[in-house]
Amino acid sequence: MERLVAAVLAAGVLQVLLATADDHYLLSRIAFGSCANQSAPQPIWDAINKFDPQVFIWLGDNIYGDIRRPFIFLGKERTIGPWQNAPRFIPSSSSEMLSRYNSAKNVPGYLRLRAKAKVVGTWDDHDYGLNDAGKEFSAKSTNQRLLLDFLDEPQDSPRRKQAGVYTSYTFGPPGKQVKIILLDTRYHRDPLSSDGSVLGDSQWSWLGKEFRGPPSAITIIGSSIQVISNLSGTTGPLFYMESWGRFPKERDRLFKLINDSKRDGVFFISGDVHFGEITRYDCAAGYPLYDITSSGLTQAVEKVLPSPLRFIVRFLAWFTPSTMRVKNQNCRYRSCTYGEPNFGAIQIDWDASPVNLKIQVRDINGLPVTGVDISLSELQAWNRTIKAGQDQRHCTLEVKLPWIVRYRLAILVYSVLACKQFLMLLVS
């Protein structure tokens, strides 16, 4: 108990010290992650602590605060299927949300991290309070306070007065500054099928000021949902995932803001999807825009199947077309996705000339499963080094693929189901 109290006190003191020293803090190691169920074992903190980050970034689903109901196909309340008439997820009370945050905050490995690193973050839907929720969610202001308490946000912080949890931080001395921009993709988001706004007017105005502000060597934009990848364009109509790609006008606006600002060294980090991957888009700014997705710390897509059958998930990940995914020799699996617990790791070598970025998704043991090494000079508009063939590979949006390619996953699944039905008819 004494060690626990000491760790909590040390974490609080560290947050205060770092909050006042951002401008002088040379940042070279950053970790990030998402999707941590407070009720599940969290051994991955051992690997994160071994990486020894100076800053850790939460990218949402920091807890699972809503209540997931079971799959019910028949009966008065059906939670799944074309005949669904009841929600699969329902909100929990504020007291239950607080209890879940307290559980997450006191995980031993996370306590050790808080005692030595600055922790910042944003939210996604499950810590916002309800699966896939947006601006219509009635408990958002209450849950904003709970998230900020979890993050040890100072009581006089502007985040406690504004509508939404978006914010930014700047670390490092002049010439070696790292700017971290954390977006709120929930508080002002329009319905998923609307192609409306993700950020809302007030957040867009704030973001424009951030990009027009003083330059930084590196700018990291944290989004709870994926920015570059739009896998819903190739997984539908089987299932759909949230992403900026489902709001194409809003994503184009984000890309235009980056391009018009002439800010170099910009890349994205994201979470949400329960697997890790790195994607890249070459036709938005004057240099390639990367999106490093790490999801999740506990939640992972391969966990839906027993270990002997997880090759099926890996095959489907490889078979599903993705025009933006970075595929190289650093990938553990052929799909260059990773569907087991993972975290993101960023290392900045300021002594290299030019400055070098090593960005990886790492497994529960801290070993890389996919990654990229980027020279900072590659992320500058004046030094465009991408070849024409690469341009084509990372410029074609998923929704622009030929239909036979775009929908090949659905074609495969429906074909298997049809064959199964045909065989059953033959047997009967």
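The values are calculated or read from the model by the stated rules, or taken from the named source; none is laboratory data. This structure is a prediction, so every number in the text was calculated from the model and none was measured. Glycine also receives a Cβ, built like all others from the backbone with ideal geometry; neighbour counts cover every protein chain displayed. Quick note on the areas: whole protein, heavy atoms, side chains included, nothing else; ligands and nucleic acids left out. Shrake-Rupley method; radii C 1.70, N 1.55, O 1.52, S 1.80 Å.
Here are a few things to note about the model shown:
- Choice from 239, 267, 319 with maximal GNM fluctuation in the chain (Cα, 10 Å cutoff): 239
- Alpha-carbon centroid distance for the pair region 322-344 / region 108-152, whole angstrom: 27
- Inter-probe distance in nm under a simple model that places probes 7 Å from Cα toward Cβ, at residue 327 and residue 90: 4.5
- Residues of type lysines that residue 420 reaches as a straight line, Cα spacing below 29 Å, ignoring anything fewer than 8 places off in the same chain: 303
- Summed over the residues of the chain and divided among them, the accessible surface reaches 45 Å² per residue at a probe radius of 1.4 Å.
- Surface composition of region 22-402: carbon plus sulfur atoms hold 54% of the accessible area, using a 1.4 angstrom probe and ignoring ligands, DNA and RNA.
- Helices that extend 27 Å or more along their long axis by alpha-carbon positions and average at least 0.0 on the Kyte-Doolittle scale are, among the DSSP H runs of the chain, 408-427.
- Residue among 348, 48, 225 with the largest mean-square fluctuation in a Gaussian network model of the chain, springs linking Cα atoms under 10 Å: 348
- Counting only DSSP H runs of at least 4 residues, each contributing -39500 (n - 2.57), and dividing by the residue count of the chain, the helix-based mean residue ellipticity at 222 nm comes to -9000 deg cm²/dmol.
- Note on residue 349 and residue 423: the model spin-label points, each 7 Å out from Cα along the C-beta direction, lie 5.2 nm apart.
- Over 27 Å (Cα to Cα) - which of 118/256; 50/105; 140/327; 140/249; 209/400 fall in this group: 118/256; 140/327; 209/400
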